[in-house]
Every structure is written in C-alpha cells, then in structure tokens.
Amino acid sequence: MEKTITCTVCPQGCQINVIGNNGTIESITGFACNRGKRFATDEFIHPMRIFTSTMKINNFDEPLIPVRSDALVPKEKLFDCMKVVRDKTVSAPIKPGQVLVADILNLGCNIIASKGTEI
C-alpha cells in the first residue's frame, strides 16, 4: 500500500510518501527532518487524533459545551467516543479542563471541558 501523508509537525508541510504493508514500512521519502519521518511513520502504522466534540449541558445559557480528549485517541475509536459523549449530559457549573468522562472506552484518556461555564 502506498500513502502520501502531509506532515503537520511544522509549517513546512512536507508531502511524505510511505510504502508498506501490514504495519511494516518498506520505504519512506519526502521528509525534511526526523520529526516528519516519525510523524509519517506513526500516521501510517497507527493514526491517532485528539477527540473534539460538544456535550449536552443543563443549567446553562447554551445547550452544548465544547469538549476534547486530554490525550491522543486511536483514529478508529473516534466514532465510538462520539457515541459515549452523545449520550452524556453534564450540569453547570463546569470549569475549563474539568474531567467530564473519565477513561473513555478504557483508552487511558479523559474527556475534558474545553471551556468553562463562568463568564
């Protein structure tokens, strides 16, 4: 399998070409630094993302509050995280960074408030 990955580690945005199969890289070209090579390797073998969404909230002027994961989540688990968050409702007051869902899906990361309810 061949994949072109745009590196997001720095503003240079290298177009890195990776060739490999079953989690093994056979060839990697187009990177300008070792950080880019590491990024493309990780992205090819097991892509991870910060999960961002909104969660329902009671006792507040707005119906939703922005939330995110406090660590990287495997890309293939993002929709599973969304299902958990979609069914949760929290109540104000909420502080920025407050844990709203602890250890979501046993992934070792929490869903936290990106914003507080105090103005």
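The values are calculated or read from the model by the stated rules, or taken from the named source; none is laboratory data. What you are looking at is a predicted structure, and each value in this text was computed from that prediction instead of being measured. Positions of Cβ are generated from backbone atoms using ideal geometry, with glycine treated the same way; all protein chains shown enter the neighbour counts.
Condition (residue is closer than 30 Å to Ser27 by Cβ and in contact with a Pro (Cβ under 9 Å, 6 or more places away or on another chain)) applied to region 49-63: is it met by at least one residue? There is at least one residue in region 49-63 that is closer than 30 Å to Ser27 by Cβ and in contact with a Pro (Cβ under 9 Å, 6 or more places away or on another chain).
Results for (1) at pLDDT 95 or above; (2) of a type outside the set (Val, Ile, Thr); (3) outside the structural domain of Ile104 (by TED's automatic domain parsing); (4) within 30 Å of Ser91 (Cβ to Cβ), shown as yes or no for each residue.
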{"position": "Pro11", "(1), (2), (3), (4)": "no, yes, yes, no"}
{"position": "Gln15", "(1), (2), (3), (4)": "yes, yes, yes, no"}
{"position": "Val18", "(1), (2), (3), (4)": "yes, no, yes, no"}
{"position": "Gly23", "(1), (2), (3), (4)": "no, yes, yes, no"}
{"position": "Lys37", "(1), (2), (3), (4)": "yes, yes, yes, no"}
{"position": "Ala40", "(1), (2), (3), (4)": "yes, yes, yes, no"}
{"position": "Lys56", "(1), (2), (3), (4)": "yes, yes, no, yes"}
{"position": "Asn59", "(1), (2), (3), (4)": "no, yes, no, yes"}
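Being more than 22 Å from Pro47 (Cβ to Cβ) and outside any strand (DSSP E or B) is the filter here, so list the residues in region 68-102 that pass it. Listed by number, the residues that qualify are Arg86, Asp87, Lys88, Ala92, Pro93, Ile94, Lys95, Pro96, Gly97, Gln98, Ala102. Of all residues in region 103-119 being assigned to a loop (DSSP other than H, G, I, E, B) and in contact (Cβ under 8 Å) with a residue 24 or more places away in the chain, which is surrounded by the fewest Cβ atoms within 10 Å (Cβ to Cβ)? Step by step, filter region 103-119, then rank; the result is Glu118. Scanning region 22-41 for residues that are of a type in the set (Lys, Arg) and surrounded by fewer than 16 Cβ atoms within 10 Å (Cβ to Cβ) yields Arg35, Arg38. When Leu78 is tested against (1) outside the structural domain of Ala102 (by TED's automatic domain parsing); (2) touching a residue at least 12 places away in the same chain (Cβ under 8 Å); (3) surrounded by 12 or more Cβ atoms within 10 Å (Cβ to Cβ), only condition (1) is not met. Residue count for region 8-62, restricted to those that are polar (S, T, N, Q) and part of a loop (DSSP other than H, G, I, E, B): 4.
Yes/no matrix, rows are residues, columns are (1) touching a strand residue (DSSP E or B) at 6+ places or on another chain (Cβ under 7 Å); (2) small (Gly, Ala, Ser):
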residue	(1), (2)
Thr6	yes, no
Thr24	no, no
Gly30	yes, yes
Arg35	no, no
Met48	yes, no
Phe51	yes, no
Leu72	yes, no
Arg86	no, no
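Closer than 28 Å to Met1 by Cβ and surrounded by 11 or more Cβ atoms within 10 Å (Cβ to Cβ), is that true of Phe44?
Numbers: closer than 28 Å to Met1 by Cβ: yes; surrounded by 11 or more Cβ atoms within 10 Å (Cβ to Cβ): yes.
Criteria met by Phe44.
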